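The values are calculated or read from the model by the stated rules, or taken from the named source; none is laboratory data. The shown structure was predicted, so the numbers you read here are calculated from the model rather than taken from an experiment. Here the Cβ positions follow ideal geometry from the backbone for every residue, glycine too, while neighbour counts run over all protein chains shown.
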Amino acid sequence: MSVSASDRPNPVEFSSTDPEACRAFLDAAYGARLQVHTLAPGECITHFRYGMGAFTLDRMTLAADITYRSEPQQPLLVSDLQGEGCRLEHSRARSSERFGPGDVLLISQPDDPCIGRVSHAHLRTVGLPPGSLAAAAATAGLPKGPVRFTDSRPVSPALAGYWKRAVGFATAEITTHMEVAAQPLVLSGLTRLLATAALSAFPNTLTQHNDPAAPKLRDATPTTVRRAVAFIDSHPDADIGLAEMAEAAHVSPRALQHAFRRHMDTTPTGYLRRVRLAHAHQDLVDATPGSGVTVTAVAGRWGFAHQGRFAALYRAAYGRTPQQTLRAT
């Protein structure tokens, strides 16, 4: 997946209490026809976008009702709803659904018209061009062909959570490390992460979610596990997740999870955590008196941000606390 050097983070912020100004801005931002209903005095619509070239990340707060109708040639748009009291009614083809706080939905995809109404909501929206989905599908070894999403809801709550974590990770990287995120390799990785998450989270024609047994039978093999294990073992200190592991194993994230459960009685992230815990243990064992090594520093180095969780995992694995191991050196 190529990302040009011109694909730089391009933050654009908008805020207005004028319904017509809001409509014009949102029409331009999403290429859809919208109608912003009257805003009460003092209420406004705010919108913040990071335009990354390869994708967009938006946060929008609505203090009004908005109706929308998508136009042809839309990018893939996925939103999650935040804030109490928010509600969204969404209709596409012959289906109509309602969404509320915490829900994730696929709002639009190319050549798939839809209409809807959203009111008093906080929305976090990702826009992905079709090319990024095709590239992610090819990298994951999925069947060739056009990608068509068949449902607006994620396959499962777990995969809805996976989508949210992927967006949260990409957002954090862009907002806290903007110059790093602008690097072509990093930006390509973030684009691939989001595209892979979309393909994994929502039913579509390539991942065969309509036939759950198919990817399990085809991809949940010992070879799949060996590829992923080799990748994890050689990148224990890298910032990797399920999408990267699945890519290294040449399967979908869903198939990789099933393969690990079948052959190792754990999950890919569970195995990664076990490997990192072993490295943390070795660091504590190797520490010399007076070196200044601390349990907090070792835990942080290996990705354990929560000290209590790290201590519990460590004790379960090694029968003592991290501090006891450190003091014994």
**Report entry** Contacts under 7 angstrom Cβ, first residue in the stretch 228-257 being in a helix (DSSP H, G or I), partner among the charged types (D, E, K, R), 6 or more apart
**Finding:** A248/R227; A249/R227; A255/K216; A255/D219
Report summary line: Log entry, pairs with first residue in the stretch 313-324 being in contact (Cβ under 8 Å) with a residue 24 or more places away in the chain, second being aromatic (F, W, Y), beta carbons closer than 8 Å, six or more apart or on different chains, reads L313/F304; P322/F310; P322/Y314
Query raised in the report: Any idea which of (1) closer than 28 Å to V186 by Cβ; (2) surrounded by 16 or more Cβ atoms within 10 Å (Cβ to Cβ); (3) at pLDDT 90 or above; (4) among the hydroxyl-bearing types (S, T, Y) is the one Y318 doesn't satisfy?
Result: (1)
Requested in this report: Check the stretch 184-196 and report whether any residue there is closer than 20 Å to L81 by Cα and part of a helix (DSSP H, G or I).
Outcome: yes
Report task. Report the residue count in the stretch 264-280 for those that are within 11 Å of M245 (Cβ to Cβ) and in a helix (DSSP H, G or I). Result -> 4
Requested in this report: Take the residues in the stretch 281-305 that are in a helix (DSSP H, G or I) and not hydrophobic (A, V, I, L, M, F, W, C), then tell me which one is surrounded by the fewest Cβ atoms within 10 Å (Cβ to Cβ).
Outcome: D286
Report summary line: D283 fails exactly one of (1) without any contact (Cβ under 8 Å) to a residue 24 or more places away in the chain; (2) more than 17 Å from G319 (Cα to Cα), namely (2)
Report task. Determine, yes or no, whether G308 is free of Cβ contacts under 8 Å to residues at least 40 places away in the same chain, surrounded by 14 or more Cβ atoms within 10 Å (Cβ to Cβ) and in a helix (DSSP H, G or I). Result -> no
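So that you can scan it fast, the table gives a plain yes or no per residue for (1) touching a helix residue (DSSP H, G or I) at 6+ places or on another chain (Cβ under 8 Å); (2) in the same structural domain as C86 (by TED's automatic domain parsing); (3) buried (at least 18 other Cβ atoms within 10 Å of the Cβ); (4) hydrophobic (A, V, I, L, M, F, W, C):
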site: C114; (1), (2), (3), (4): no, yes, yes, yes
site: A121; (1), (2), (3), (4): no, yes, yes, yes
site: R124; (1), (2), (3), (4): yes, yes, yes, no
site: A138; (1), (2), (3), (4): no, no, no, yes
site: S152; (1), (2), (3), (4): no, no, yes, no
site: G161; (1), (2), (3), (4): no, no, no, no
site: V167; (1), (2), (3), (4): yes, no, yes, yes
site: Q183; (1), (2), (3), (4): no, no, no, no
Query - Enumeration of residues in the stretch 59-87 that are more than 21 Å from R148 (Cα to Cα), within 21 Å of the chain's Cα centre (by Cα) and at pLDDT 80 or above - result: R59, M60, T61, L81, Q82
Query raised in the report: Of all residues in the stretch 211-243, how many are at pLDDT 90 or above and either of a type in the set (A, V, I, L, M, F, W, C) or within 18 Å of L190 (Cα to Cα) (or both)?
Result: 7
Query raised in the report: Being over 30 Å from A140 (Cβ atoms), within 28 Å of the chain's Cα centre (by Cα) and charged (D, E, K, R), is that true of even one residue in the stretch 319-328?
Result: no
